[in-house]
Amino acid sequence: MTGSMTTPRARVLSAATVAALLVGGIPAAAGASPPTAPTTAPTAPTAHQVDAPVPEIAWVACDGEGLEAYECADVEVPSDYDRPQGRTTTIALTRLPATGTGEPTGSVLVNFGGPGGPGVETLHLVGEVMFDPEVRENFDVVGFDPRGVGQSDPVTCFRDAERENALLMSLPAIPLTSGEERRTIAGFATIAAGCQLISGDRLATSSTANVARDMDLLRQALGDEELTYVGYSYGTILGATYSALFPDRVRALVLDGTIDPVEWSGKGSSDSIGTRTRQGAGATETFDEFTRLCAEAGSEGCALAALGDPADVVEDVYAALRESPVEVPISEDETVRITYGDVVGLAFQSLYNTAGWQDLALAFAELAVLTGVSGPSMRAQGGDLPIVGDLLRRLGLAEDYPSIGGALASMCMDTHNPLRSWQYPAHADAQDELYPHFGRMRAWVGAQCAPVLVRDTDAYTGPWEQTTQEPVLVIGTRFDPATPYSFTEPYAAHYPDARVLTVEGWGHTTLGASVCADAAIARYLVDGEAPTEATCEQDLVPFGPALRAAESDERAQLRDDVGRLVWQSGPLG
């Protein structure tokens, strides 16, 4: 079995899958009124530019094994930019200094997605290999945990991580029956209440617009006249928000795995955020490629193909698991209970990185045996903020920890989610009809926002027509399960001069996936040369015999680590 399924704790996979449903918004309570889209967005982006104290960064050596190359720091920025001289919130950041001997060109700020993905921890994983050496020679690479996330005064929803994990473990990975749907909605409501009680003060200032304002202060603190930025997935929303608020402060934007900001904010839409982001469609299209390429590879190249048509075997496994979960042995005396929802979640996560497709095929083949689908002989290989949370923390009754609440810090503050809690089961049924398995899973994203009464009145929801005159580089992967390629052109159309790079491949974003794309990014960041229209191939061909690049094995592992971190942190990746 794959490493993801042989965890020592029986429901870790379920917890990660449920977390991906939960984060992205706060849970919905039955009958709760849906949040309304913020109405305070100005018509002129310059209205959001504020004067605030620029923090001083005191870099120190990072504490941790293998982090000798990195420096770390904490800075204070205004909690509420309407009161820039008032209370502050902490932003954790890390820097990988440039390798060149001369003065670096500047800093590249990076966001890996989520929302809620940890910027500090993820940069520590991939910082030394994520860029072409020419970029590393000329730029310091800087990652930061956005406000409300990770080490940056996180939005938490329980007194401690143990209580949060206990609730997550009690919820179904994907609700199927009416009883599971009621239990899910009730669990969402519990999380919603906890987030607002413990972290209402942090939640109320956690919109992407305020993260963008933080990023502009970091730009100034780093000594850069203009921003050089690379954003993946949700990070493209942060990039679009920054350029909308600060159009004259952009040097270069790399926007990889785009989400159309119009669909993200959803003003006037009758669809939920989980539907608007088209992940059900994207995952279905990418999974069809998984089964197609597996079939083409045959039994020698893909374990699942040894059992018959991979698409048919998968559907049989899903049907069997919907009837009854299966106990998967992980040792002589221990098993893991695997449900239908666990496996759909595993499949969705595995689609992010083609390096894991062989393991996914093997997992389905093993499950086909365990469920009886195949016999053993076929086995193959703002304003007055809530202060209750602050009081609880001061009294030691609540602690900071990396929480699913970090994703609330942007999604529920930014997006319009019009459905009521009781409408989501029918909505999930309809999405399952359109996009089997993945449609139901992703349809619940956004249901968590209904009971959230806290609002960030400084959230930016448009207009999204950009005025930045510098060329920006917009990247899309042809079969991306989380940010479908169909968003690439609409996203680029918001900019006066957007250059589109298409990666002919599979998986979520190009991080660690294409040496060709890395080279194009390097030319753009270092020399300002953005391609007009360009296409790159991917290094790893699913079920193929070899990699195209010498370092792709290491890069693929790092890409898998990043994908897992962001998957567990945020709903969109």
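The values are calculated or read from the model by the stated rules, or taken from the named source; none is laboratory data. Quick caveat: nothing in here was measured; it's all calculated off a predicted structure. A quick note on method: Cβ atoms are made from the backbone with ideal geometry, for glycine too, and the neighbour counts reach across all protein chains shown.
The number of residues in the stretch 50-105 that are in a loop (DSSP other than H, G, I, E, B) and within 21 Å of T205 (Cβ to Cβ) comes to 15. Taking (1) under 30 Å from T488 (Cβ atoms); (2) surrounded by fewer than 24 Cβ atoms within 10 Å (Cβ to Cβ) in turn, A240 satisfies each apart from (2).
For the stretch 270-290, taking the residues that are in contact with a helix residue (DSSP H, G or I) (Cβ under 6 Å, 6 or more places away or on another chain) and surrounded by fewer than 24 Cβ atoms within 10 Å (Cβ to Cβ), the one that is farthest from G505 (Cα to Cα) is identified as R276. Of everything in the stretch 192-207 that is under 24 Å from T461 (Cβ atoms) and hydrophobic (A, V, I, L, M, F, W, C), the residue that is modelled with the lowest pLDDT is A192. Each residue in the stretch 469-489 was checked for being within 16 Å of V500 (Cα to Cα) and surrounded by 23 or more Cβ atoms within 10 Å (Cβ to Cβ), and 12 of them qualify. If the condition is being crowded, with 20+ Cβ neighbours inside 10 Å, over 23 Å from F131 (Cβ atoms) and aliphatic (A, V, I, L, M), then the stretch 192-229 contributes A192, I198, L203, A204, A209, L217.
Counting only helices (runs of 4 or more DSSP H) that sit wholly inside the stretch 122-229, those with at least 1 residues that are polar (S, T, N, Q) and within 22 Å of the chain's Cα centre (by Cα) are 161-170, 178-203, 208-221.
Residues of the stretch 270-317 that are over 22 Å from the mean Cα position of the chain (by Cα) and of a type in the set (G, A, S): S270, A295, A297, G298, S299, G301, A303, A305, A306, G308, A311. Would you confirm whether or not the stretch 321-328 contains a residue that is modelled with pLDDT of 90 or more, farther than 19 Å from G439 by Cα and among the polar types (S, T, N, Q)? The answer is yes, given that some residue of the stretch 321-328 is modelled with pLDDT of 90 or more, farther than 19 Å from G439 by Cα and among the polar types (S, T, N, Q). Given the condition farther than 30 Å from D80 by Cβ, of a type in the set (S, T, Y) and not in a strand (DSSP E or B), answer yes or no: does some residue in the stretch 456-467 qualify? No.
Of the residues in the stretch 442-451, none is surrounded by fewer than 18 Cβ atoms within 10 Å (Cβ to Cβ), more than 19 Å from the chain's Cα centre (by Cα) and within 30 Å of I198 (Cβ to Cβ).
Could you check, for the stretch 349-357, whether at least one of its residues is more than 26 Å from the chain's Cα centre (by Cα), among the β-branched types (V, I, T) and modelled with pLDDT of 85 or more?
Restricting attention to the stretch 349-357, the residues satisfying the condition of being more than 26 Å from the chain's Cα centre (by Cα) are none.
Among the residues of the stretch 349-357, not one is more than 26 Å from the chain's Cα centre (by Cα), among the β-branched types (V, I, T) and modelled with pLDDT of 85 or more, which makes the answer no.
Residue under question is D74, and the condition is that it be more than 20 Å from Y232 (Cβ to Cβ), acidic (D, E) and surrounded by fewer than 24 Cβ atoms within 10 Å (Cβ to Cβ); does it hold? It is true that D74 is more than 20 Å from Y232 (Cβ to Cβ), acidic (D, E) and surrounded by fewer than 24 Cβ atoms within 10 Å (Cβ to Cβ).
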